[in-house]
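Scroll down for the structure; my scribbles are underneath it.
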Amino acid sequence: MKATRQYAHRVRAALRDLGIDTAVPERRALALHMEAPRLACAGIGTDGRDKFLAVPAARAWRTLAARAARDGVQLQLISGFRSLEFQVALIRGKLQRGLSLDEILRVNAPPGYSEHHTGCALDIGTPGCAPLEEAFEQTPAFAWLQGNAWALGFSLSYPRDNAEGYLYEPWHWRWRPRR
C-alpha cells in the first residue's frame, strides 16, 4: 500500500512537471498502471536494443512470435516495458518538437497510465511496414494476430473509437494472464 501511494505521488509530480492537468486521467477513465516489479529480456527490438517485459509476458511473447513464424508470419518487437521516467522523457521530447499536449495525449498515455509500465504491453511490427503506423492493420501479421493472439492471452488494447480516447493502434497488444 505504501508503494502504491509513493508511486501515485511520483505520477502526480510527473504530470505537474509536464503541465498535464491531474484531472485528465480521471476524465478519460484511465487506469493507473504500476511498473512491473520484475522484467526479463523479451528479445531484440527493431532498434537493435534489448526489450524487456514482465517475466510471464516475455515468455508468452516468445511463444507468440515462434507460433507466428511457424505459420510463415514474422512479428517484430518494437517496444515493451517503459518506466515512468521514460514516458516523461517521451512526452517532453514531443513537447520540445512543438506538438501540443492534446496531440500527444491522443497517442501517448500520461506518465503512470501507460500499459507499457506493466511490462505486459508491447508494440509489434513486421518487415515491410513502417513501425507504429496504422498501415500495420493491412499486413498478414495483423491478420494473424487477430486470429491467434487471444490463444496466448494477447489482445488489441486500442481499437478504433476506444473508450480511453487514444488513436487507433493496431500495433499495440497487451498480454494478460489467463485465469
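The values are calculated or read from the model by the stated rules, or taken from the named source; none is laboratory data. Just so you know, these numbers come straight off a predicted model, no measurement behind them. Here Cβ is always computed from backbone atoms with ideal geometry, including for glycine, and neighbour counts include all displayed protein chains. With ligands, DNA and RNA removed, areas are computed over all heavy atoms of the protein, side chains included. Shrake-Rupley method; radii C 1.70, N 1.55, O 1.52, S 1.80 Å.
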(message) Kindly evaluate LEU32 against the criterion of being open to solvent by 60 Å² or more (accessible area, probe 1.4 Å), more than 27 Å from CYS129 (Cα to Cα), in contact (Cβ under 8 Å) with a residue 60 or more places away in the chain and not polar (S, T, N, Q).
(response) yes
(message) If I ask for residues that are charged (D, E, K, R) and surrounded by 19 or more Cβ atoms within 10 Å (Cβ to Cβ), which ones from segment 144-179 would you list?
(response) GLU169
(message) Looking for something under 23 Å from PRO25 (Cβ atoms) and of a type outside the set (Ser, Thr, Tyr) - is there at least one such residue anywhere in segment 128-136?
(response) yes
(message) Being assigned to a strand (DSSP E or B), surrounded by 19 or more Cβ atoms within 10 Å (Cβ to Cβ) and touching a Lys or Arg at 6+ places or on another chain (Cβ under 8 Å) is the filter here; which residues of segment 41-51 pass it?
(response) ALA42
(message) Let me confirm something: among LYS2, LYS51, LYS94, which residue is within 23 Å of TRP175 (Cβ to Cβ) and basic (Lys, Arg)?
(response) LYS51
(message) Looking at (1) open to solvent by less than 30 Å² (accessible area, probe 1.4 Å); (2) in contact with a strand residue (DSSP E or B) (Cβ under 7 Å, 6 or more places away or on another chain), which one does THR139 not meet, given that it meets all the others?
(response) (2)
(request) Considering only segment 77-161, give the helices (runs of 4 or more DSSP H) lying wholly within it that have at least 2 residues that are more than 26 Å from TYR7 (Cα to Cα). (result) 140-148
(message) For segment 7-22, give me each residue that is at pLDDT 95 or above and either closer than 25 Å to GLY125 by Cα or part of a loop (DSSP other than H, G, I, E, B) (or both).
(response) GLY19, ILE20, ASP21
(message) If I go through segment 60-72 residue by residue, how many of them are touching a Leu at 6+ places or on another chain (Cβ under 9 Å), open to solvent by 20 Å² or more (accessible area, probe 1.4 Å) and not small (Gly, Ala, Ser)?
(response) 2
(request) With respect to ALA69, determine if the residue is touching a Lys or Arg at 6+ places or on another chain (Cβ under 9 Å), of a type outside the set (D, E, K, R), modelled with pLDDT of 95 or more and in a helix (DSSP H, G or I). (result) no
(request) Return the only residue of ALA13, ALA54, ALA8 being open to solvent by less than 60 Å² (accessible area, probe 1.4 Å), touching a helix residue (DSSP H, G or I) at 6+ places or on another chain (Cβ under 9 Å) and among the small types (Gly, Ala, Ser). (result) ALA54
(request) Only one of these is within 22 Å of VAL73 (Cα to Cα), crowded, with 19+ Cβ neighbours inside 10 Å and at pLDDT 95 or above: LEU132, LEU122, LEU105. Name it. (result) LEU122
